[in-house]
1. So which of ALA131, ALA147 ends up being more than 17 Å from VAL175 (Cβ to Cβ), buried (at least 24 other Cβ atoms within 10 Å of the Cβ) and aliphatic (A, V, I, L, M)?
2. Being part of a strand (DSSP E or B), open to solvent by 10 Å² or more (accessible area, probe 1.4 Å) and farther than 15 Å from GLY34 by Cα is the filter here; which residues of region 159-176 pass it?
3. Could we say that PHE14 is surrounded by 21 or more Cβ atoms within 10 Å (Cβ to Cβ) and touching a helix residue (DSSP H, G or I) at 6+ places or on another chain (Cβ under 7 Å) here?
4. Could you grab me the full set of residues in region 1-11 that are within 24 Å of GLN167 (Cα to Cα), assigned to a helix (DSSP H, G or I) and open to solvent by 70 Å² or more (accessible area, probe 1.4 Å)?
5. Show the residue pairs that are 6+ apart or on different chains and have beta-carbon atoms under 7 Å apart, the first residue being within region 57-68 and touching a residue at least 40 places away in the same chain (Cβ under 8 Å), the second being open to solvent by 40 Å² or more (accessible area, probe 1.4 Å) and acidic (Asp, Glu).
6. Out of region 39-52, which residues are of a type in the set (Gly, Ala, Ser) and either out of contact with any Ser or Thr (no Cβ under 9 Å at 6 or more places or on another chain) or at positive phi (or both)?
7. Pairs only if they're at least six apart or on different chains, beta carbon under 7 angstrom, first in region 209-232 and among the acidic types (Asp, Glu), second part of a loop (DSSP other than H, G, I, E, B); list them, first residue then second.
8. Evaluate region 81-94: report whether one residue or more is at pLDDT 90 or above, within 22 Å of GLY187 (Cα to Cα), of a type in the set (A, V, I, L, M, F, W, C) and open to solvent by less than 30 Å² (accessible area, probe 1.4 Å).
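The values are calculated or read from the model by the stated rules, or taken from the named source; none is laboratory data. Only a predicted model underlies this, so the values are computations on that prediction, with no experimental measurement involved. All Cβ positions, even for glycine, are placed from backbone atoms using ideal geometry, and neighbour counts span all protein chains on display. Each accessible area value is taken on the protein alone, full model and side chains, heavy atoms only, with ligands, DNA and RNA left out. Shrake-Rupley method; radii C 1.70, N 1.55, O 1.52, S 1.80 Å.
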Amino acid sequence: MSFELISPQLLAEFRSRKISSSTVIDILDGLQAGDALTPKIRAINAPDHYFAAQAYTVSWRMVRKGSDILQAQPATWSQVSRFLVPELHSGAGLVYVAGAGPLLTHAALAGGMSCTYFEQLGFAGVVLGGAVRDLRELERLAMPVLASNPIPTDTQGAYWVAETGTQCQIEQVTVQSGDLMVSDVNGTVVVPLALTAQLLQQALAIDSTENAMLEKIRQGARLPELINITGRI
């Protein structure tokens, strides 16, 4: 892979505490960086999901006619086969992220068989900038699959895979391979790779502060006073 791997120890502590996407985006706001994906992309099969792992991207584009309309076109399978990321033998520590620019709601970017394969490769999750299909098969997976909607139609003949392992676009958000993806019931946040070490350390400190605040609130403390002390809400 062409990107730097995040410290496994730091990421393991982050995951064990299940640092929320809300905390992550608060930190990113202060850094004037990062983005949250549209809420139209949601967990299809595991609503109470959580993952924090690095993105591995698949970029889709619309198939367009060539300059010679009489020339034979590539087979539809050859146009899309790279979506299975054959260059990877393991997805451990990674999230599969596919995008085509605007949400691709009328054709599935993955389905039950491919997502089952991605789970077997060890991906922490699948994030699709558009539709998915084969819900019955997806419901059997422990790995969360996030998509905009179910649909039976697939992409073959209409879209092709332009590149993998580089970047992809999901609406207004550009996801680079290597970026940290944090997803939970609140939504999905994209953390630029260059900021991950700083963000992870800040997030762990904030998590400790906010957990202490919650415990004091449960014991009767007044929240406005705690905010004045900690600067957190």
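1. Values: ALA147 fails: more than 17 Å from VAL175 (Cβ to Cβ).
When all the criteria are applied, what remains is ALA131.
2. TYR159, TRP160, ALA162, GLU163, THR164
3. Values: surrounded by 21 or more Cβ atoms within 10 Å (Cβ to Cβ): yes; touching a helix residue (DSSP H, G or I) at 6+ places or on another chain (Cβ under 7 Å): yes.
It is true that PHE14 is surrounded by 21 or more Cβ atoms within 10 Å (Cβ to Cβ) and touching a helix residue (DSSP H, G or I) at 6+ places or on another chain (Cβ under 7 Å).
4. Going residue by residue through region 1-11, those that are within 24 Å of GLN167 (Cα to Cα) are 1-8, 11.
After this cut, where a residue has to be assigned to a helix (DSSP H, G or I) as well, the list is 8, 11.
Residue satisfying the conditions is PRO8 alone.
5. SER59/GLU163
6. Taking region 39-52 as the starting set, the residues that turn out to be of a type in the set (Gly, Ala, Ser) are 43, 46, 52.
Across region 39-52, the qualifying residue is only ALA46.
7. Close Cβ pairs satisfying both conditions: GLU210/ARG232.
8. yes
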